[in-house]
Every structure is written in structure tokens, then in C-alpha cells.
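These notes concern the structure reproduced below.
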Amino acid sequence: MTGVRFPPALHMSLTLKSTNSPITNIVFDFDNTLYYADADTQTKMWHQSRTKLVNLIIEKQHLSPTVFDQLYAKLLETASQIGWSTAYVKLGGELNDYTSVIHQVSKADFVQSDHKLQSLICSLASHAKLHIFTGSSRHTVLEALDIILDQAASYFSDTLLASDDMCLAQKPDPAAYQEMLSVFNLNPATTLFIDDQLPEVNTAQSCGLHAFLIDRDHQYLNPPSPTLSSPNQLLEFISIE
Ligand SMILES: [Mg+2]
């Protein structure tokens, strides 16, 4: 079997520069955090499922098909404020429909091997335990990660909490974060969370985690400080002894 191998976390000696807080665990979001999809790619990747989701609301609520464009735009706008699953439910959709449609989206066709990310994970992995906490399904994440990390997705197979693993709720609901902390057995005070969605970062902070936003496309007008432009920028904000 080929592919990169990441070291075990042996020396827990990572601190946040700003507060000198020790960090023993890092929790990454997956979509648009561990890989980047520009607006065009995101549209190709997600448009079909978003169309399906909006049509399900129209069908189940017996709305006129003419409201499609308006509802689709409203879903995008609301999701940027409160997160995708919450926005879908707020617009009258069912959470079960949301998860089953989202689970069918394959990202493997849209991602590529990322050597910069592989070397970042190598640097971090010997100093902290790394996890993934995602609203996507386990299968689609592992399939895409195997491409991004050159067949090293198995590094995350025990430290991945995907949407279909969660029993209580979905991000950005605080109950999903409590489940994640419990499943990974984490102390929020020594855990760093990284995500590209502001509502998800805000919930992490409200649950006591340290959290950084990644905003590659400058989509937020007043992003919190610090906001990273890529996962690699993380190295500017932490010290590794
Ligand atoms: Mg994301």
C-alpha cells in the first residue's frame, strides 16, 4: 500500500500564541476547511442537491413551483447566517431530508492531492491529536480524504465524527458539539476548532473551545480575529516546542 503516513501524537507541546493556552486536540471541519472549492466548483458540487432540497420543501408544503428561485436564494442567505442544516429546517424543510440528500454528494471528483495539507498534518500530528467533525457523511469524507491525503484517510478513521455518526443533532447546534466533545473525550479548554462557517465557529466558542475561522473568499464583512486564509496559516498562530 502506498501513501503518506502521519506520526502518532507523542509530544503534546502545542500552544496558542495569543493566550499561551496549551492545545492537545485540533478539530477540523471538512468541507472548504481541509480542501478548497472555489465558487464555481462549489456550485457544480452542491447545486444539484440544493435544487433537490428546495424542491422537497415545495413539494411537501404544497407551494407553487414559481417560488423556487426565491426559496433557493433564501436558503443560501440564511445558511450563511445560521448554518446549512438549521437554515433548511427554518425554511420549512425536514432534517432527515437534508441529511439524506447531502449524504449523496460525492466530492471525490472535485478534490485533488494536497501536499501542503499533508505536510501541515504531519507537523501537527506529532504534537496534538487531530480530528474531523463534519456535516458530510463518513463515506464521502473518507473517499475524498483518500485523494487529498494520498491514501492516508485511515489516519482519521477513528477520529472522524461525520453527520451519519451523530445521534443528537447537526452542526451548528450546540448539542452536536457536546456529542463531539464526548465521543472524542475532549476538554474544550485545550481543544482548537477550525471551520469555514462563522455560525459553526461561534457555537464552538460558546461551548468553550478555542476556534479559528477560515475565510478564503473573504465572504464575511466583519470576520472575527484571527481569521485564516488557509489551514496552513494556522502555523502563524501556534507555537510548537
Ligand atoms: Mg465547511
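Computed from the coordinates by the stated procedures, all read-outs in this text should not be read as laboratory data. Source: prediction; values computed, not measured. Every residue, glycine among them, receives a Cβ derived from its backbone with ideal geometry; neighbour counts consider all protein chains shown.
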### Message
Can you tell me what share of the DSSP beta bridges in the chain is antiparallel? A percent to the nearest 5 is fine.
### Response
25
### Summary
Amide H neighbours of His210 at under 5 Å, excluding residues fewer than 5 places away on the same chain, with H built from the backbone geometry, are Thr191, Phe193
### Task
Kindly express, to the nearest 10 degrees and within the range 0 to 90, the angle between helix 39-60's C-alpha long axis and the longest C-alpha principal axis of the chain.
50
### Task
Using the Cα centre as the reference, give the magnitude of the dipole from point charges on the C-beta atoms of the chain (Lys, Arg: +1; Asp, Glu: -1; all else neutral), rounded to the nearest 20 debye.
180
### Residues Glu200, Glu236, sorted so that the one with the fewest Cβ neighbours within 10 Å comes first
Glu236, Glu200
### Summary
A student applying the Cα gyration tensor rule (rounded when a/c is under 1.5; otherwise prolate if a/b is larger than b/c, oblate if not) would label region 99-192 oblate
### About the Cα centre, charge dipole magnitude for region 39-102 (Lys/Arg +1, Asp/Glu -1 at Cβ), debye
40
### Task
Holding the Cα-Cα limit at 29 Å, pick out from Lys90/Lys116; Lys17/Lys74; Lys52/Lys107; Lys44/Lys129; Lys44/Lys90 the pairs that are longer than that.
Lys90/Lys116; Lys17/Lys74; Lys44/Lys129
### Query
Given springs between every Cα pair under 10 Å in a Gaussian network model of the chain, which of Pro224, Pro65, Pro188 has the largest fluctuation?
Pro65
#### Entry: Principal semi-axes in Å for region 37-169 [√(5λ), Cα gyration tensor, largest first]
32, 16, 12
### Query
Using only Cα atoms, what is the ratio of the radius of gyration of region 131-241 to 2.2 N^0.38 Å?
1.08
### Query
Taking H as built 1.01 Å from N, whose amide H comes closer than 5 Å to the amide H of Leu228, not counting residues under 5 places away?
Leu213, Ile214, Asp215
### Message
Restricting to Cα pairs below 8 Å that are 6+ residues apart, what does the relative contact order work out to for region 135-241? Please round to a whole percent.
### Response
16
### Query
What residue among Ile82, Ile58, Ile132 has the largest mean-square fluctuation in a Gaussian network model of the chain, using Cα springs under 10 Å?
Ile58
## Note on the structure
Within the set Gln81, Gln219, Gln42, GNM on the chain using Cα springs under 10 Å gives the largest fluctuation to Gln219
#### Entry: Sum of -39500 (n - 2.57) over DSSP H runs of 4+, divided by residues of the chain (222 nm, nearest 500)
-12000 deg cm²/dmol
### Query
How would you rank Thr66, Thr43, Thr134, going from fewest to most other Cβ atoms within 10 Å of each one's own Cβ?
Thr66, Thr43, Thr134
## Note on the structure
For region 51-163, the dipole about the Cα centre with charges only on Cβ (Lys and Arg +1, Asp and Glu -1), to the nearest 20 debye, works out at 240
## Note on the structure
By Cβ neighbour count within 10 Å, fewest first, Glu179, Glu143 rank Glu143, Glu179
### Query
What do you get when you divide the Cα radius of gyration of the chain by 2.2 N^0.38 Å, with N the number of residues?
1.01
### Query
In a solvent-free Debye calculation with one equal scatterer on each Cα, what is log10 I(q)/I(0) for region 39-102 at q = 0.12, 0.17, 0.19 Å⁻¹, listed in the order of the q values?
-0.26, -0.52, -0.66
### Task
Express the relative contact order of region 39-102 as a whole percentage, based on alpha carbon pairs under 8 Å and six or more residues apart in sequence.
32
### Message
Test of understanding: what is the full-extension gain from Leu10 to Asn187, defined as 0.36 nm times their sequence separation minus their Cα-Cα distance?
### Response
61.9 nm
## Note on the structure
Mean separation of Cα contacts under 8 Å (at least 6 apart) over the residue count of the chain, i.e. the relative contact order in percent, is 28
